[in-house]
Protein chains: 2
Amino acid sequence: MKESWSSLDTLETNFRPLVVIELAKGTKEETIEWFTKRIVDKKANGGAQLLIKPLVTENGDENIYLVGASHLRLLLGAETVGLVKECNDNSMRAFTYSSRKTFKDFADDNQNFLTMSECQYIIKHELENLRAKDEKMIPGYPQAKLYPGKSIVRRLLTNGILVQIFPLHDREELKKLRHTWYGQVKIGYQPLDEIRCYFGETIALYFGFLEYFTFALIPMAVIGIPYYVFAWEDYDKYVMFATFNLLWSTVILEVWKRICAVMTYRWGTLLMKRQFEEPRPGFHGVLGINPVTGREEPVYSSIKRQLRIYLVSVPFVCLCLYFSLYVMMIYFNLEQWALDYHEENKSSFSSLMLYVPSIIYAVVIEIMNRIYRYAAEFLTSWENHRLESSYQNHLILKVLVFNFLNCFASLFYIAFVLFDMKLLRQSLATLLITSQILNQFAESLLPYWLQKRHMKKMKKRMHSLKMDTDLSLVEQVNSEKEMGTYFGTFDDYLELFLQFGYVSLFSCVYPLAAVFAVLNNITEIYSDALKMCRVYKRPFAEPTANIGVWQLAFETMSVISVVTNCILIGMSPQVNALFPDSKMDLILTVALVEHLLLAIKFVMAFVIPDKPRDIQIKLAKLEFESLEALKKQPEWTACGRDAVESCARIQTKSLLFTL
Amino acid sequence: MKESWSSLDTLETNFRPLVVIELAKGTKEETIEWFTKRIVDKKANGGAQLLIKPLVTENGDENIYLVGASHLRLLLGAETVGLVKECNDNSMRAFTYSSRKTFKDFADDNQNFLTMSECQYIIKHELENLRAKDEKMIPGYPQAKLYPGKSIVRRLLTNGILVQIFPLHDREELKKLRHTWYGQVKIGYQPLDEIRCYFGETIALYFGFLEYFTFALIPMAVIGIPYYVFAWEDYDKYVMFATFNLLWSTVILEVWKRICAVMTYRWGTLLMKRQFEEPRPGFHGVLGINPVTGREEPVYSSIKRQLRIYLVSVPFVCLCLYFSLYVMMIYFNLEQWALDYHEENKSSFSSLMLYVPSIIYAVVIEIMNRIYRYAAEFLTSWENHRLESSYQNHLILKVLVFNFLNCFASLFYIAFVLFDMKLLRQSLATLLITSQILNQFAESLLPYWLQKRHMKKMKKRMHSLKMDTDLSLVEQVNSEKEMGTYFGTFDDYLELFLQFGYVSLFSCVYPLAAVFAVLNNITEIYSDALKMCRVYKRPFAEPTANIGVWQLAFETMSVISVVTNCILIGMSPQVNALFPDSKMDLILTVALVEHLLLAIKFVMAFVIPDKPRDIQIKLAKLEFESLEALKKQPEWTACGRDAVESCARIQTKSLLFTL
């Protein structure tokens, strides 16, 4: 084996490690040989044409490999994944190797044309799309079946032969980023472009949204403070606050779309989306012809997928929702029982018993959330979505509905069944504040502390070994491979989504919620930044053009909040006092106001354009050029379609749930 | 002059007249010379490069001209307008002259590759885009000012020098079409593809929608009949009928989008939309650079347009709506007064007086509608929209809102203020049936009869003149130029829209409405077909990919109908009897049901994909190829962008109201 590595070394003298592959200890020699050969092999032979190097660890094991690629290979890979870069004329265009000279900052000797995270993304893409040809199984592991078109890396991962793949940190860059991001005490925006360069668009967009959302909440918070300070309980003031909130939430969500379009245009992902349509690595099916690209790839009947969604997933989710409501009712019964017991006995034991139902309920909810999350992931994976985005959307929708119910069902019950506004305000405040404190602690501070302790231990061990070969790299890889894995922005968005719920759903009952949300989000930015830079492995960059299904989720929440706020205001004693004779008039008035507000919301969402005018023009220009190019190339329309090398992703919104 | 005509004649020996231009009698010679020269002139010199021939009429006047074009010119024009045709491999592609060989049925000597209506559309497009260069005025008419970029034809029309431009009928084809369309008594679908070939996509799509809508109403009608026959007045049955109606209306509107996509893909217009972005002929502005295409064309600030819309048009519309409501209130007061007067006097004069308010109101409404329509057209034109579609959408929205109010305000008043269900049912039936009968009569039967009388006169006169040169053509032109002009599908859609309102808004009060609607629509198909073939001049074909803002209008109506039906059911005595103790419970239940129904509607609209899967794939394939073509042409991305000859239309939905 050793010879082949050295022969590879000569291909590229300055091998730059980008991605780490950790195989299971004791992986069979023939498996390693086959796998590395496939990685190194030429594209024409079905390989990934990357570079790979073993990392010699302290105990001489050879289970960690460093993957890199030649500069040329990365440029070709950038074309394959459809990377969009800025041209010399300041327009954004899909990078192609043949037109490389027209791109800004491109020079044949400029290794920094692609950022490190882009290189790592390209390598990940190439590794994941390394597919089985005619192998029936992974050599050395007859139980790990393969069929043509199956992603090799995926099979190795599911069989435990491959432990993990992760990109390496760039210590210099990270240090700089940490400094500008949260290293100095200053008032200012986050360095979103730098975050995007280092962590990729998905994470930068999350931080952008977090920042934007915090700013957007400030007016609500500012208006909310006097309500608390002066204890305003007058009907007209509450109504004004609620109305402002409801319209404001529509405005901020619409404006976010525009800001998001500006950012992602600058990053190139607004255009990138349509560039490729690779099936997600977990997608399986019989090898067939893709009707769009005409290329051979796994194909899976969309009718089967629809059946799985509507006949299995949907009923399952409904059952879970029902079960969750059932548990909530048991909790309320238990609480009632504990209250009765306490009033009967009045002992210290009975007063302790008062807390038991809440504790049990909290524990049960946590358990349910975890089991459900696991089930949702399994189900969505089993639905076998072709595109990663489609998979994510279905998963998010499933988890969202369940979490929404778990979080807010008890508040709805208190508000609209028990009619206890005092208890509602109290539970709302308790839930909001405790969940925020717990989240920040469990999410970043605790892991950070654990990580620090672990690092100290590691360092000591390292120093005692006193290794001299390329110590720093080995050290880096060893410490990073022990770090936790960041599983995407899902939980972070979910937290914001639930926070938005607390702020908007019952905003007229507890105007101070916005204040707490703003305070929380300011510290959240720092703790999330800390989490990204210090606690977790570097995640792979994921290009994205918007916050996807979360936009819809936030919009739905803001529609629901119109309904809840109108009902709450209608139930308030002040409003009831206005209609002393007729409850009916009251309800009709409330219903009328609600419908009016909803209508205004929809009109506003319709009238405010989703993209600023200059972005619209830039997009139209690109489309125009693309169509012109097609016109100028008649040979292309007629023939040569089989020469296609790269690929496009369908971006029609309606495709989201059908493909 | 005569020489120049004959020299043109030699260019194309078999001149086929396609479009007729009628100039005002006594138009100055120099104007005619200049205008015809511009039409005949080479493209490079800013002309339209078409063929033109004077038509010698009975009294020797030379004010009617026939326009044609050489086969080559039409093919190049087809590329300019972005016509989409079927290729040899059954895919739809934008026609380009250089790739002409790959298109189905193309042969250099096949004059039928382009249909006659397509040729006429191309000629119209070329004529309308004949723009002034450095002329300061129309020669011979110093008051008709011109500036660079101004459409010449538009200026001639507004100054009355040009009376009209219209395409000629193809008598053979029309006869065939009439036969298959309504000539034989048979049960079957309309020949939509033939209609499209003859009249263009907009009209074919209207007839397609009319047919689809009629079929879609049949289930409602079938379910509605027993309610009438057995006089079912039970609560549960009414609820079921209303619920079915509400969900059904969502389904039919969603399914229509899919059917529409299939049709317009087959016709090529689904792809055509994005091909060009020519400003509408009425658009004016200073000559500038289009930021998308980089070409010189009139430019108008979108901020100015927004200001005009929001500061002038919107307040004006609101004022008109208020005025219309005010008139309605006067009507109800008058009616009350007439009723009181009749009860006081009980004379035959007083019983006659009972009808006076209705008659006055009907007349006033008709007058208001006409004045408002005129004002709306003026305002929308003054808003100076860049795209014809944008102009149409704004006009339709304005007229729609006003017509909706005029038609339904009195019904709403009867239902929700007077609470008189019997009167509501009666007014609904009267309004629906009389409006249908009147419409059919005024729209097609009356004009047809007038047309027939006129034709007879014409024929007599013709025969008395006994001309011998090319009699049939002169005869045809002379008879067609006297026919009425078809002003687009607007009124036809409006009629359907209001019908949909009668059927759905109060469906639970009058289930028989759907039956009348179905019966009306069946005859409507025939009378509209008669109207198109016999009464009006042939209209220019207008490519379109969907029914545009009407889809939104119908969807909005179906949302409003959920609200009205829920309220009506809630007000019914049967439902009230179910909640004997508490009005409050009743209203809350109704509100809950309403919100549930609305939620279901939105989920359904979201879940049903707008385009069938095979169309999605075909569109994705084309996009994929277009992007690939751009990739393959690096020289293109880098330079040569100024060589662009044709143009694209921005189709982003959000652009609709901003450009």
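The values are calculated or read from the model by the stated rules, or taken from the named source; none is laboratory data. Because the structure is a prediction, the values reported are computed rather than measured. Virtual Cβ from ideal backbone geometry, glycine too; neighbours counted across all protein chains shown.
Out of curiosity, is B:ALA648 modelled with pLDDT under 80 and closer than 29 Å to B:ARG266 by Cβ? Judged against the criteria, B:ALA648 is a match. Taking the criterion of being assigned to a helix (DSSP H, G or I) and more than 17 Å from A:PRO543 (Cα to Cα), the residues of segment A:56-74 that qualify are A:HIS71, A:LEU72, A:ARG73. For segment A:623-639, the set of residues classified as among the acidic types (Asp, Glu) and either surrounded by 19 or more Cβ atoms within 10 Å (Cβ to Cβ) or modelled with pLDDT of 70 or more (or both) consists of A:GLU623, A:GLU625, A:GLU628, listed by residue number.
Only one of the numbered conditions (1) within 11 Å of chain B (Cβ to nearest Cβ); (2) crowded, with 18+ Cβ neighbours inside 10 Å; (3) under 29 Å from the mean Cα position of the chain (by Cα); (4) β-branched (Val, Ile, Thr) is not met by A:THR564, and that is (1). One residue stands out among those in segment B:83-103 that are within 30 Å of the chain's Cα centre (by Cα) and in a loop (DSSP other than H, G, I, E, B): the one that is surrounded by the fewest Cβ atoms within 10 Å (Cβ to Cβ), which is B:ASN90.
Look through segment A:163-197, keep the residues that are among the basic types (Lys, Arg) and free of Cβ contacts under 8 Å to residues at least 60 places away in the same chain, and return whichever of them is farthest from A:LYS531 (Cα to Cα). Only one residue fits best here, namely A:LYS186.
What about B:PRO511, is it more than 14 Å from chain A (Cβ to nearest Cβ), surrounded by fewer than 20 Cβ atoms within 10 Å (Cβ to Cβ) and more than 27 Å from B:HIS179 (Cα to Cα)? For B:PRO511, the condition - more than 14 Å from chain A (Cβ to nearest Cβ), surrounded by fewer than 20 Cβ atoms within 10 Å (Cβ to Cβ) and more than 27 Å from B:HIS179 (Cα to Cα) - is not met. Looking across B:LEU588, B:LEU598, B:LEU592, one residue alone is under 30 Å from A:ILE303 (Cα atoms), over 28 Å from the mean Cα position of the chain (by Cα) and without any contact (Cβ under 8 Å) to a residue 40 or more places away in the chain. It is B:LEU598.
Out of all the residues in segment B:122-133, is one or more in a loop (DSSP other than H, G, I, E, B), at pLDDT below 90 and either basic (Lys, Arg) or surrounded by fewer than 16 Cβ atoms within 10 Å (Cβ to Cβ) (or both)? Scanning segment B:122-133 turns up at least one residue that is in a loop (DSSP other than H, G, I, E, B), at pLDDT below 90 and either basic (Lys, Arg) or surrounded by fewer than 16 Cβ atoms within 10 Å (Cβ to Cβ) (or both). Flag: B:PRO315 does not match the condition of being without any contact (Cβ under 8 Å) to a residue 24 or more places away in the chain and assigned to a loop (DSSP other than H, G, I, E, B).
Would you say A:GLU118 is more than 28 Å from the chain's Cα centre (by Cα) and more than 14 Å from chain B (Cβ to nearest Cβ)? No; evaluated as a whole, the condition is false for this residue.
When B:SER348 is tested against (1) surrounded by fewer than 16 Cβ atoms within 10 Å (Cβ to Cβ); (2) within 30 Å of B:TYR147 (Cα to Cα), only condition (2) is not met. Annotation: of all residues in segment A:105-121 being crowded, with 21+ Cβ neighbours inside 10 Å and among the hydroxyl-bearing types (Ser, Thr, Tyr), the one that is farthest from A:ASN88 (Cα to Cα) is A:TYR121.
Residues are listed down the side, and each one gets a yes or a no for (1) within 13 Å of chain B (Cβ to nearest Cβ); (2) under 23 Å from A:THR158 (Cβ atoms); (3) not aromatic (Phe, Trp, Tyr):
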site: A:LEU75; (1), (2), (3): no, no, yes
site: A:ASP89; (1), (2), (3): yes, no, yes
site: A:LEU114; (1), (2), (3): no, no, yes
site: A:HIS125; (1), (2), (3): no, yes, yes
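Note on segment B:186-229: residues that are farther than 19 Å from B:ASN520 by Cβ and either in contact with a strand residue (DSSP E or B) (Cβ under 9 Å, 6 or more places away or on another chain) or hydrophobic (A, V, I, L, M, F, W, C) (or both) total 8.
Yes/no matrix, rows are residues, columns are (1) surrounded by fewer than 17 Cβ atoms within 10 Å (Cβ to Cβ); (2) of a type in the set (A, V, I, L, M, F, W, C); (3) at positive phi; (4) modelled with pLDDT of 85 or more:
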site: A:SER249; (1), (2), (3), (4): no, no, no, yes
site: A:TRP267; (1), (2), (3), (4): no, yes, no, yes
site: A:PRO281; (1), (2), (3), (4): no, no, no, no
site: A:ASN290; (1), (2), (3), (4): no, no, no, no
site: A:LYS304; (1), (2), (3), (4): yes, no, no, yes
site: A:TYR310; (1), (2), (3), (4): yes, no, no, yes
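If the condition is being surrounded by fewer than 21 Cβ atoms within 10 Å (Cβ to Cβ), touching a residue at least 40 places away in the same chain (Cβ under 8 Å) and either under 24 Å from the mean Cα position of the chain (by Cα) or assigned to a helix (DSSP H, G or I) (or both), then segment B:567-576 contributes B:ILE567, B:MET571, B:GLN574, B:VAL575.
Here is the figure for segment B:603-622: residues that are within 9 Å of chain A (Cβ to nearest Cβ) and either touching a residue at least 40 places away in the same chain (Cβ under 8 Å) or surrounded by fewer than 20 Cβ atoms within 10 Å (Cβ to Cβ) (or both) total 13.
Candidates in segment A:87-134 are the residues that are among the small types (Gly, Ala, Ser) and touching a Phe, Trp or Tyr at 6+ places or on another chain (Cβ under 8 Å); of these, the one that is farthest from A:GLU172 (Cα to Cα) is A:ALA132. Taken together, A:GLU594, A:GLU555 contain a single residue that is surrounded by fewer than 18 Cβ atoms within 10 Å (Cβ to Cβ), assigned to a helix (DSSP H, G or I), within 13 Å of chain B (Cβ to nearest Cβ) and of a type outside the set (Lys, Arg), which is A:GLU555.
Being farther than 17 Å from B:VAL563 by Cβ and within 9 Å of chain B (Cβ to nearest Cβ): is that true of A:VAL575 here? So A:VAL575 does not fit the description; no.
Pairing each residue of segment A:80-105 that is hydroxyl-bearing (Ser, Thr, Tyr) with any residue that is buried (at least 19 other Cβ atoms within 10 Å of the Cβ) and in a loop (DSSP other than H, G, I, E, B), provided the two are 6+ apart or on different chains, yields C-beta distances under 7 Å for A:THR80/A:SER646.
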